[in-house]
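Asks: My questions will all concern the structure given below.
The values are calculated or read from the model by the stated rules, or taken from the named source; none is laboratory data. All values reported here derive from a predicted model rather than from experimental measurement. Glycine gets a Cβ as well: all are built from the backbone with ideal geometry, and neighbour counts include every protein chain shown.
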Amino acid sequence: MTEASQQALESLRITANMQWYVVPLLVFVLYVYINEAERGNWSAVFLGIAAWGAETIWEMFNALILHFSNFAPLWATPGGNSAFIIYAGLNIEITFFFAAAAPMVIKALPRDPGLKIGGLPNRVLIPVGFGVLAVFVEILLNQAGLLVWSYDWWKWPHVWLILVVYCLPWYALAWCHDHLAMKTKARAALALPAAAVFLHLVFATWLGWI
């Protein structure tokens, strides 16, 4: 098992590193959703919550890779620099980021789905742009030792797969924003976080795998 994986497991869900800055992060995320609800932008609210639930499930999958490989997850967040480690590759700072990221992407989409920016469809350009930005930030975090990649095909300079993993969900989010009925979005906002809670109970609480 890699050193980063061991460090993440040693800090897993312990409160010894909790910091006060978590409170303003929580307030910021709540403000984002309250602001969108006030504006009646329920698509951003529902899809934001749904995307956060899906991201949490994805992070559990990453933690399961560590469990079954006994080597490393695809990405690891070693303890010490985070206020709270949720899974081997997910800390509280990352989960707050993803909670606010989906509404941010939706708000960046023009009202006209057919509008082109620089000759490119905005529903492709904007998700790809946010994906590239996210991967750039991850590279910086990796170089700083805050985000650790251990597999040759999932590390610098081979970041193409990471780029795909970021761009496709943002593209799917834009598609859902345009095509799904509001009732379907609301159901997803209930179903995906509920599924995340259930899977956490199974894999973390009952089985102790993640």
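Asks: Of all residues being under 30 Å from Phe71 (Cα atoms) and touching an Asp or Glu at 6+ places or on another chain (Cβ under 9 Å) in region 112-148, which is surrounded by the fewest Cβ atoms within 10 Å (Cβ to Cβ)? Just the residue, please. Give the derivation first.
Replies: Narrowing region 112-148 to residues under 30 Å from Phe71 (Cα atoms): 131-148.
Still in the running and touching an Asp or Glu at 6+ places or on another chain (Cβ under 9 Å): 147-148.
Working: Leu147: 20, Val148: 22.
Of everything passing the filter in region 112-148, Leu147 is surrounded by the fewest Cβ atoms within 10 Å (Cβ to Cβ).
Asks: For region 111-123, which positions are closer than 14 Å to Tyr171 by Cα and in contact with a Lys or Arg (Cβ under 9 Å, 6 or more places away or on another chain)?
Replies: Within region 111-123, Pro113, Asn122 qualify.
Asks: Taking the condition in a loop (DSSP other than H, G, I, E, B) and either of a type in the set (D, E, K, R) or in contact (Cβ under 8 Å) with a residue 40 or more places away in the chain (or both), does Gly40 pass? Talk me through it step by step, then tell me what you get.
Replies: On the way: in a loop (DSSP other than H, G, I, E, B): yes; either of a type in the set (D, E, K, R) or in contact (Cβ under 8 Å) with a residue 40 or more places away in the chain (or both): no.
In short, no.
Asks: I would also like to ask the following. Determine which member of the set Ala189, Ala204 is within 18 Å of Trp58 (Cα to Cα), touching a Phe, Trp or Tyr at 6+ places or on another chain (Cβ under 7 Å) and modelled with pLDDT of 95 or more.
Replies: Working: Ala204 fails: touching a Phe, Trp or Tyr at 6+ places or on another chain (Cβ under 7 Å).
Just a single option satisfies the conditions, and that option is Ala189.
Asks: Let me ask another. Which condition number does Ser82 fail, the rest of (1) closer than 22 Å to Leu163 by Cβ; (2) at pLDDT below 95 being met?
Replies: (1)
Asks: If we scan region 95-102, do we find a residue that is touching a helix residue (DSSP H, G or I) at 6+ places or on another chain (Cβ under 6 Å), under 13 Å from Leu173 (Cα atoms) and assigned to a helix (DSSP H, G or I)?
Replies: Going residue by residue through region 95-102, those that are touching a helix residue (DSSP H, G or I) at 6+ places or on another chain (Cβ under 6 Å) are 96, 98-100, 102.
Narrowing further to those that are under 13 Å from Leu173 (Cα atoms): 98, 102.
So of that shortlist, the ones also assigned to a helix (DSSP H, G or I) come out as 98, 102.
Yes, because at least one residue in region 95-102 is touching a helix residue (DSSP H, G or I) at 6+ places or on another chain (Cβ under 6 Å), under 13 Å from Leu173 (Cα atoms) and assigned to a helix (DSSP H, G or I).
Asks: Name the residues in region 44-99 that are of a type in the set (Val, Ile, Thr) and either over 25 Å from Tyr31 (Cβ atoms) or touching a residue at least 60 places away in the same chain (Cβ under 8 Å) (or both), would you? Talk me through it step by step, then tell me what you get.
Replies: Within region 44-99, the first condition is being of a type in the set (Val, Ile, Thr), and the residues that meet it are 45, 49, 56-57, 65, 77, 85-86, 92, 94-95.
Val45, Ile49, Thr56, Ile57, Ile65, Thr77, Ile85, Ile86, Ile92, listed by residue number.
Asks: Provide a single number: the residues in region 41-62 that are crowded, with 23+ Cβ neighbours inside 10 Å and within 21 Å of Trp160 (Cα to Cα).
Replies: Final tally of qualifying residues: 1.
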